Amino acid sequence: MFEIAPSILSADFTRLAEEIIAVENAGATILHVDVMDGHFVPNITIGLPVVKSLRKATKMTIDCHLMIQEPGRYAVEFVKAGADMVSVHVEADVHLQRTLTAIRDAGAKAGIAINPATPLVALEEALPYADFILLMSVNPGFGGQAYIPTSTDKVRRLKHMIDGRGLKTKIEIDGGIDEGNIMVVVEAGVDIVIAGSAIYGKENPAESVRQLLEKGTVWV
Ligand code: DX5
Ligand code: ZN
């Protein structure tokens, strides 16, 4: 079983409530929210007030992906705003274990996000403090980029690392997922599939959610 997490980055922000209800009714269980600071990544998106509003608009799990420097300064604020899952980048936080513990103590699931060129060994020490790993399959910053093919093997190696330690850490994948590659990543061990342009870049986002769920299920 895997879950679909539509990324609102590619949604129509003038109709955000409608866009969210459509994917929720189609079977999406997690809403992925990309927070960018124009510093860790070369783009600026949305922040705490939007998360607070989203919390009122949906019962889906809210998953905040913090692409910001020094995420420890803001992570708990996102939990207070309504996030159920918060991930911080291993590349952006020199006090990662502290941040993960603070997220858990605040009542949310704590995640470590990792860029395509960062080796998995960077996760080793903090892994027991994380509920999930967000594996980036594009370089973060923008929606609509092409999937980096070496990510599939990275998922397999991460799954091996988690299973080998007897942990229950979930694997999320983020970037360039579409109907053509979803079955490959699910088969490799992904639990949560994030998709932005493959849902909100399409004519009918609800139908795209249903199709992605169907295409990914073939292999499980
Ligand atoms: C990219 C973001 C992603 C983005 C994915 O930095 O973290 O969540 O929305 O978009 P697609 O699915 O279009 O690659
Ligand atoms: Zn993301």
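Considering the range 107-128 alone, what residues qualify as being β-branched (Val, Ile, Thr) and either surrounded by fewer than 17 Cβ atoms within 10 Å (Cβ to Cβ) or assigned to a loop (DSSP other than H, G, I, E, B) (or both)? Across the range 107-128, the qualifying residues are Thr118, Val121. Among residues of the range 189-205 that are closer than 14 Å to Ala22 by Cβ and more than 11 Å from ligand 1 (Cβ to nearest atom), those with a beta-carbon under 8 Å from a residue that is at pLDDT 95 or above and in a loop (DSSP other than H, G, I, E, B) at least six positions away or on a different chain give the pairs Pro205/Ala11; Pro205/Ala26. Cβ separations smaller than 7 Å between residues 6+ apart or across chains give the following pairs from the range 1-29 residues that are on the phi > 0 side of the Ramachandran plot to residues that are assigned to a helix (DSSP H, G or I): Gly27/Val209; Gly27/Arg210; Gly27/Leu213. Scanning the range 1-19 for residues that are within 14 Å of ligand 2 (Cβ to nearest atom) and under 18 Å from Ile44 (Cβ atoms) turns up Ser7, Ile8, Leu9, Ser10, Ala11. Starting from residues that are under 18 Å from the mean Cα position of the chain (by Cα), farther than 17 Å from Lys154 by Cα and hydroxyl-bearing (Ser, Thr, Tyr), keep the ones in the range 99-140 and report whichever is nearest to ligand 2 (Cβ to nearest atom). So, considering only residues that are under 18 Å from the mean Cα position of the chain (by Cα), farther than 17 Å from Lys154 by Cα and hydroxyl-bearing (Ser, Thr, Tyr), the one nearest to ligand 2 (Cβ to nearest atom) is Thr99. Residues of the range 163-204 being over 17 Å from Thr217 (Cα atoms) and over 18 Å from the mean Cα position of the chain (by Cα), which ones? Residues satisfying the conditions are Asp163, Gly164, Arg165, Gly166, Leu167, Lys202, Glu203, Asn204. Among residues of the range 145-163 that are under 16 Å from Gly180 (Cα atoms), those with a Cβ under 8 angstrom from a residue that is part of a helix (DSSP H, G or I), sequence gap 6+ or separate chain, pair up as Ser151/Val185; Thr152/Val184; Thr152/Val185; Thr152/Ala188.
Every listed requirement among (1) closer than 22 Å to Pro6 by Cβ; (2) part of a loop (DSSP other than H, G, I, E, B) is met by Val50 save one, (2).
Evaluating Gln69 against the criteria (1) closer than 29 Å to Glu187 by Cβ; (2) assigned to a loop (DSSP other than H, G, I, E, B) leaves one unmet condition, (1). Being assigned to a helix (DSSP H, G or I) and of a type in the set (Phe, Trp, Tyr) is a property that holds for Phe78. Take the conditions (1) farther than 23 Å from Asn181 by Cβ; (2) within 16 Å of ligand 1 (Cβ to nearest atom); (3) out of contact with any helix residue (DSSP H, G or I) (no Cβ under 9 Å at 6 or more places or on another chain); Ile62 misses just one of them, which is (3). Could you say whether any residue in the range 72-87 is touching a Phe, Trp or Tyr at 6+ places or on another chain (Cβ under 7 Å), of a type in the set (D, E, K, R) and within 16 Å of ligand 2 (Cβ to nearest atom)? Within the range 72-87, not a single residue is touching a Phe, Trp or Tyr at 6+ places or on another chain (Cβ under 7 Å), of a type in the set (D, E, K, R) and within 16 Å of ligand 2 (Cβ to nearest atom). Being exposed (fewer than 15 other Cβ atoms within 10 Å of the Cβ) and within 13 Å of ligand 1 (Cβ to nearest atom) is a condition met by at least one residue of the range 40-49. Residues of the range 150-162 that are surrounded by fewer than 20 Cβ atoms within 10 Å (Cβ to Cβ), within 17 Å of the chain's Cα centre (by Cα) and of a type in the set (Val, Ile, Thr): Thr152 alone.
The values are calculated or read from the model by the stated rules, or taken from the named source; none is laboratory data. Quick caveat: nothing in here was measured; it's all calculated off a predicted structure. Please note: Cβ atoms are built from the backbone with ideal geometry, for glycine as well, and neighbour counts cover all protein chains shown.
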